[in-house]
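Quick notes on the structure that follows.
The values are calculated or read from the model by the stated rules, or taken from the named source; none is laboratory data. As the structure is a computational prediction, the values presented were derived from the model and not from experiment. A quick note on method: Cβ atoms are made from the backbone with ideal geometry, for glycine too, and the neighbour counts reach across all protein chains shown.
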C-alpha cells in the first residue's frame with residue numbers, strides 16, 4: 001500500500017500573510033488521495049489561502065491524484081489564494097505536459113522563487129482576440145447536457161465536476177482524469193526494449209478499446225523510438241522513463257531522458273518518420289532538466 005508523508009511549515013509572504021509549505025514524500029494515488037485532499041482542505045479551512053506543494057520526493061502520481069491537484073488548485077483560487085508547485089520531478093512535469101495540464105499550474109524550481117512569486121502582480125497584458133465566435137454553445141461529451149461559455153478560459157462543470165478549457169479558436173478540451181489509464185516504466189537506453197514496451201502499450205490500448213489504426217501506429221512508433229534512443233545514448237548506465245497515457249480517444253507516449261539519448265536535432269530522420277505516422281510529435285527541453293519526446297495517436 002502506498003504511503004504519503006507530510007511535513008508542513010509556515011512561511012511569511014512579503015504581504016505579511018502566512019503561507020504553508022507542504023513537503024510531500026511518497027505517492028499520490030487512490031490509497032493516499034483522500035488523505036492528501038483532506039490535509040489541504042484543513043489548511044484552507046484554517047485560514048491559509050496560499051500553499052506551496054514541494055513534490056521533489058513524490059515518486060508517483062496517478063490520474064486520481066492529478067485530478068485532485070487540479071481540484072485543489074481551483075478551490076484555493078476561488079478563495080483568493082493559490083497553490084504553487086515546487087521541485088516537480090521531470091517525469092511529473094512530462095506527465096502534466098502530455099495531459100495538457102501544465103498550463104493550469106505555476107511551477108518553480110525553489111521555495112524561495114515560489115515565495116517571491118506570491119508578491120508579483122499577474123501580467124496585465126491584454127489577451128489576444130478570440131478567433132471563434134463567443135458565446136460558445138456545445139454539449140458535454142458524456143452527459144450530453146448543453147453548456148455555454150462567454151469567453152476563452154478554464155472552467156468547471158458544476159453538474160459533472162469535470163474541468164475543461166476553451167481556447168481562442170473555440171477548441172474544447174475536457175480533463176476527465178478518472179478515465180485516463182497510465183503506465184510508467186524505466187528502461188536502460190542501450191536495451192532493445194521495443195518488443196516488450198509494444199506489448200505493454202497494446203495491452204493498455206486494448207483496455208481503452210482503441211482501434212487497430214492506433215495500435216498499428218503505436219507499435220511502429222515504439223520500434224522507431226527505441227532505435228533512436230539506442231543510437232544516441234552515450235552512457236551504458238543511461239536510462240529512459242516511458243509514460244503511457246491512454247483513454248478512449250487517444251494514446252500518448254512520453255519518453256523522458258536526462259542524458260544524450262533524446263538530445264536530438266529537429267531534422268533527425270527518425271523524428272521525421274515518426275511525424276508521418278503519428279498525429280502529434282513534440283520534442284522539447286523540460287524546464288526541470290532533461291528532454292521529453294511526446295508521441296500522440298488519436299482514434300479519429
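Data table
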item: Number of positions in the stretch 19-31 that are modelled with pLDDT of 95 or more and over 15 Å from residue 56 (Cβ atoms); result: 2
item: All helices (runs of 4 or more DSSP H) inside the stretch 1-110 with 3 or more residues being in contact with a helix residue (DSSP H, G or I) (Cβ under 7 Å, 6 or more places away or on another chain); result: 33-45, 63-78
item: Residues located in the stretch 238-279, provided they are within 11 Å of residue 290 (Cβ to Cβ) and within 15 Å of the chain's Cα centre (by Cα); result: 241, 255, 256
item: Qualifying residue in the stretch 172-193 (condition: touching a residue at least 60 places away in the same chain (Cβ under 8 Å), loosely packed, with under 13 Cβ neighbours inside 10 Å and out of contact with any strand residue (DSSP E or B) (no Cβ under 9 Å at 6 or more places or on another chain)); result: yes
item: The stretch 287-300 residues that are on the phi > 0 side of the Ramachandran plot, paired with ones that are modelled with pLDDT under 90 and not in a strand (DSSP E or B) (beta carbon under 8 Å, 6 or more apart); result: 289/90; 290/90
item: Residues (without any contact (Cβ under 8 Å) to a residue 60 or more places away in the chain, buried (at least 17 other Cβ atoms within 10 Å of the Cβ) and either within 16 Å of residue 63 (Cα to Cα) or out of contact with any strand residue (DSSP E or B) (no Cβ under 7 Å at 6 or more places or on another chain) (or both)) located in the stretch 73-101; result: 73, 92, 96
item: Candidates 164, 155, 134, filtered to the one that is farther than 23 Å from residue 64 by Cα and either more than 24 Å from the chain's Cα centre (by Cα) or free of Cβ contacts under 8 Å to residues at least 12 places away in the same chain (or both); result: 134
item: Boolean, residue 202 is surrounded by 16 or more Cβ atoms within 10 Å (Cβ to Cβ), modelled with pLDDT of 95 or more and closer than 23 Å to residue 92 by Cβ; result: no
item: Residue match in the stretch 112-119 (condition: assigned by TED's automatic domain parsing to the domain that holds residue 49, modelled with pLDDT of 85 or more, within 30 Å of residue 261 (Cα to Cα) and over 19 Å from the mean Cα position of the chain (by Cα)); result: no
item: Filter pass, residue 3 being under 27 Å from residue 120 (Cα atoms) and either surrounded by fewer than 20 Cβ atoms within 10 Å (Cβ to Cβ) or in contact with a strand residue (DSSP E or B) (Cβ under 6 Å, 6 or more places away or on another chain) (or both); result: no
item: Residue match in the stretch 212-228 (condition: in contact (Cβ under 8 Å) with a residue 40 or more places away in the chain, crowded, with 17+ Cβ neighbours inside 10 Å and part of a loop (DSSP other than H, G, I, E, B)); result: no
item: Filter result for residue 33 (over 21 Å from the mean Cα position of the chain (by Cα) and touching a residue at least 12 places away in the same chain (Cβ under 8 Å)); result: no
